[in-house]
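**Student:** Okay, here's the structure, questions in a sec.
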Amino acid sequence: MKKTLIALSLGLATTLSSVNLMASQADDVTVSNPFAREVPPGAPASASFMTLTNHSGQPIKLVQADSNVSKIVELHTHTNDNGVMRMRKVAFMEIPANGQTELKPGGLHIMLINPINPIKVGQTVSVELTFADHSTKQVEMPVKSFKKMMGGMKHSMGHDMNHGMSHDMKHDKHDHNEHHNEHHEAHDEDHHDDHEREHNHMH
């Protein structure tokens with residue numbers, strides 16, 4: 001009986017050791033550039049963004065997220081419904097094998113619904129990610145101002161547009177000058193030919 005118990009114990013220990021040696025999905029995923037969006041007091045929701053990188057040869061599904069900063073946490077995406085952007089809940093987010101999935105404004109994101117306290121710049125938000133194999137990863141992220149982010153994007157777009165317009169105007173001016181010079185050259189050649197014809201007729 002004792003030998004049987006010892007054998008069973010050794011077998012169980014070996015099984016547990018094998019499980020522990022296997023990397024969990026949470027271990028195969030790294031998180032980069034995580035941040036949460038600042039929201040004013042009374043706002044119904046905030047959101048969390050990040051880039052998830054899968055270092056394994058198999059797709060990995062993020063199936064749940066939790067945080068103590070809000071009463072409800074959901075996985076969401078944006079869809080284009082006949083030109084209208086709508087937000088909807090998704091059951092999971094898939095990270096491709098040896099690939100990345102980006103959670104970003106206007107796309108996939110983690111929704112922090114009904115914040116318990118105002119989420120402000122300077123704070124750190126903790127979000128727990130749960131994967132399909134039930135392994136978890138804790139992510140600490142700073143809170144960023146969404147207005148400043150959008151302002152930076154507008155500045156960049158404005159700079160590119162102004163640069164493009166300036167370049168096009170210079171290009172048009174250059175083409176106009178070339179056309180103007182060609183016109184004068186053609187006029188001078190015609191005038192010179194007329195003069196030669198008149199001179200030959202007189203002789």
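**Student:** Looking at the stretch 55-63, is at least one residue in contact with a Gly (Cβ under 9 Å, 6 or more places away or on another chain) and touching a residue at least 24 places away in the same chain (Cβ under 8 Å)? So that I can check it myself, show each step before the final result.
**Tutor:** From the stretch 55-63, those in contact with a Gly (Cβ under 9 Å, 6 or more places away or on another chain) are 59; that's our starting set.
Pick out the ones that are also touching a residue at least 24 places away in the same chain (Cβ under 8 Å) and you get 59.
Yes: the stretch 55-63 contains one or more residues that are in contact with a Gly (Cβ under 9 Å, 6 or more places away or on another chain) and touching a residue at least 24 places away in the same chain (Cβ under 8 Å).
**Student:** For a quick check of your reading of the model, give me the residue pairs whose first member lies in the stretch 129-155 and is farther than 30 Å from residue 27 by Cβ, whose second is modelled with pLDDT of 95 or more and among the β-branched types (Val, Ile, Thr), with beta-carbon atoms closer than 9 Å and at least 6 apart or on different chains.
**Tutor:** The qualifying pairs are 145/121; 148/121.
**Student:** I would also like to ask the following. Can you list the strands (runs of 3 or more DSSP E) found entirely within the stretch 22-94 that contain at least 3 residues being modelled with pLDDT of 95 or more? Walk me through it before giving the result.
**Tutor:** Details: elements: 29-37, 45-54, 60-67, 70-81, 84-89.
It comes to 29-37, 45-54, 60-67, 70-81.
**Student:** Please go through the stretch 54-81 and pick out each residue that is small (Gly, Ala, Ser) and loosely packed, with under 14 Cβ neighbours inside 10 Å.
**Tutor:** Here is the first cut: in the stretch 54-81, the residues small (Gly, Ala, Ser) are 56-57, 65, 67, 70.
Matches in the stretch 54-81: 57 only.
**Student:** Between residues in the stretch 65-82 that are among the charged types (D, E, K, R) and residues that are outside any strand (DSSP E or B) and modelled with pLDDT under 95, which pairs lie under 8 Å by C-beta distance while being six or more apart or on different chains?
**Tutor:** Matching pairs, first to second residue: 71/116.
The values are calculated or read from the model by the stated rules, or taken from the named source; none is laboratory data. Keep in mind that this is a model prediction, so the values were computed, not measured. Note: ideal-geometry Cβ built from the backbone for every residue, glycine included; neighbour counts use all protein chains shown.
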